[in-house]
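The values are calculated or read from the model by the stated rules, or taken from the named source; none is laboratory data. Computed from a predicted model, the values in this text were never measured in an experiment. Virtual Cβ from ideal backbone geometry, glycine too; neighbours counted across all protein chains shown. Side chains are part of the model used for accessible areas, which takes the heavy atoms of the whole protein and leaves out ligands, DNA and RNA. Shrake-Rupley method; radii C 1.70, N 1.55, O 1.52, S 1.80 Å.
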Amino acid sequence: MQKEELPLSSKMRLIFSIPVIIAALGYFVDIYDLLLFGIVRIPSLKALGLNPDIDGTFILNAQMVGLLLGGIFWGIFGDKKGRLSVLFGSILVYSVANIACGFLPYFPKEHLVYQYAGLRFIAGIGLAGELGAGITLVSESLPRNLRAIGTSVVAGFGLMGAVVAQLTVELAGGWNISYIIGGILGILLLFLRISVSESGIYKNIENQSVSKGNFLSFFTHKDRLIRYLKCIAIGLPTWYCIGILAVLANQFAPELGIKEISPGKAIMWAYVGISVGDLLSGFISHALKSRKMAIFYMLVTTIIGVAFMLFGNTDTEHTYYLFCVWLGLGTGYWAMFVTLAAEQFGTNIRNTATTTVPNMVRGLVPVMIFGFDFFKNDFSVIISAAIVGAVVFGLAFYSTLTISETHNKDLEFTE
């Protein structure tokens, strides 16, 4: 790593280098396909004769469990076989699964909900590998003083995939066409990835006898386990805001006195904010010289927005979408939290950490939804969301303030 200050032209070449651009495009397609079910949940399930709430929750949970299991598989695979192997394999799996989802109207009607859930489960497995491998590759390819900005560019551009997914659904003329388009985009990206080189830091340990991709090692060492759990807790508010306040936005409409709230539009507007927030988070971290404080300030911004959304004067559909943008800006530390996870662990388990941590967060969405549904038995929708939010934000604030700082940390080490 160079210690002297690089000229601006050199910095720009590094920030917009091939690994960063390809990782950003990959994450764009990943987010498009990941959020597509949330966007087309109601129209697709109605068209297939299924229940948007009961069957929709089951299918969403299947996708999230796929993400959880896929995160473990691709994380281990990336540390054992290299970061590029994950970038090729994962995108092939979820692209094929999404194309198959486009043909669901032609599937046998019997057990259709299980077929839909099965395809989203397979898609979830594939989608699990993209972000972790991309962030790991970029983190290991850039100088330490540019890591935060580089990974923010990846996420800031990539997260616009959610916006494009919503616009595609509106313009394509059919929810199933949107699935096929997403799958085709993934296949096209495979050809672009031929030009990407493996991480130099990974190459340095590729032939060493050190244990690589040992997922169980996170649970056999106390300090490592605490670091791992804190990384997961820091990311929980991001998917609380998306998985409950955006994907299930239609459930809040009656209590807020709003005629209708479209989950697809709520997701789109949230990701408009997240894209901007993720771009800003890297520069905030760079300016503060701290990952922790950048995330802390964004968490404060988010919890204020949640309070106003649930207990303020949110009485119109457009006001709800405005708050979705606010929450997106606040939770736009997604790339920063994954970068923090990458910097917490050694090269031999780094891809396992950066791939499993965000997917553990996604995989806990069913738990958050279960808690939300459980509290709805005794409380209103708004109070139920607030209770779950209090737990989620409490864990995130504690973990952010107590985890070790990794700004400017040298990544050439093993566990």
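If the condition is being in contact with a Ser or Thr (Cβ under 7 Å, 6 or more places away or on another chain) and not in a loop (DSSP other than H, G, I, E, B), then the range 202-216 contributes Tyr202, Ile205, Phe215.
Residue count for the range 383-408 satisfying the condition of being part of a helix (DSSP H, G or I) and in contact (Cβ under 8 Å) with a residue 40 or more places away in the chain: 14. Note on the range 11-25: residues that are small (Gly, Ala, Ser) and under 17 Å from the mean Cα position of the chain (by Cα) total 2. Only one of the listed residues (Ile135, Ile194) is at pLDDT 85 or above and part of a helix (DSSP H, G or I). That residue is Ile135.
Scanning the range 101-124 for residues that are closer than 16 Å to Gln63 by Cα, free of Cβ contacts under 8 Å to residues at least 60 places away in the same chain, surrounded by fewer than 24 Cβ atoms within 10 Å (Cβ to Cβ) and of a type outside the set (Ser, Thr, Tyr) yields a count of 5. Comparison of Gly277, Gly332 shows that the only residue that is modelled with pLDDT under 95, open to solvent by less than 60 Å² (accessible area, probe 1.4 Å) and not in a helix (DSSP H, G or I) is Gly332.
Under the condition of being touching a residue at least 24 places away in the same chain (Cβ under 8 Å) and farther than 19 Å from Asn250 by Cβ, the residues counted in the range 351-382 number 14.
For the range 309-318, a tally of residues being surrounded by 16 or more Cβ atoms within 10 Å (Cβ to Cβ) and either in a helix (DSSP H, G or I) or of a type outside the set (S, T, N, Q) (or both) returns 3.
I'd like the residue in the range 347-371 that is open to solvent by less than 10 Å² (accessible area, probe 1.4 Å), at pLDDT 90 or above and among the aliphatic types (A, V, I, L, M) and, out of all such residues, is farthest from Leu60 (Cα to Cα). The residue in question is Ile349.
Selection of the range 222-240 for residues being open to solvent by 40 Å² or more (accessible area, probe 1.4 Å) and touching a residue at least 24 places away in the same chain (Cβ under 8 Å) yields only Leu229.
Rundown of residues vs (1) closer than 30 Å to Pro143 by Cβ; (2) modelled with pLDDT under 90; (3) in contact with a Cys (Cβ under 9 Å, 6 or more places away or on another chain), yes/no style:
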{"residue": "Ala172", "(1), (2), (3)": "no, yes, no"}
{"residue": "Ser217", "(1), (2), (3)": "yes, no, no"}
{"residue": "Lys230", "(1), (2), (3)": "yes, no, no"}
{"residue": "Ala233", "(1), (2), (3)": "yes, no, no"}
{"residue": "Ile242", "(1), (2), (3)": "no, no, no"}
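Which ones in the range 241-270 are farther than 15 Å from Phe372 by Cβ, open to solvent by less than 10 Å² (accessible area, probe 1.4 Å) and either assigned to a loop (DSSP other than H, G, I, E, B) or in contact with a Leu (Cβ under 7 Å, 6 or more places away or on another chain) (or both)?
Once the filter is applied, which keeps residues that are farther than 15 Å from Phe372 by Cβ, open to solvent by less than 10 Å² (accessible area, probe 1.4 Å) and either assigned to a loop (DSSP other than H, G, I, E, B) or in contact with a Leu (Cβ under 7 Å, 6 or more places away or on another chain) (or both), the range 241-270 yields Ile261, Ile267, Ala270.
Of the residues in the range 141-152, how many are assigned to a helix (DSSP H, G or I) and open to solvent by less than 10 Å² (accessible area, probe 1.4 Å)? Counting residues in the range 141-152 that are assigned to a helix (DSSP H, G or I) and open to solvent by less than 10 Å² (accessible area, probe 1.4 Å) gives 6. Checking Ser197, Ser217 one by one, the residue that is in contact (Cβ under 8 Å) with a residue 40 or more places away in the chain, open to solvent by 10 Å² or more (accessible area, probe 1.4 Å), in contact with a Lys or Arg (Cβ under 8 Å, 6 or more places away or on another chain) and over 23 Å from Val391 (Cβ atoms) is Ser217 and no other. Screening the candidates Val338, Val392 for the property of being among the β-branched types (Val, Ile, Thr) and modelled with pLDDT under 95 yields one hit, Val338. In summary, Glu130 fulfils each of the numbered conditions (1) modelled with pLDDT of 90 or more; (2) in contact with a Gly (Cβ under 7 Å, 6 or more places away or on another chain) with the single exception of condition (1).
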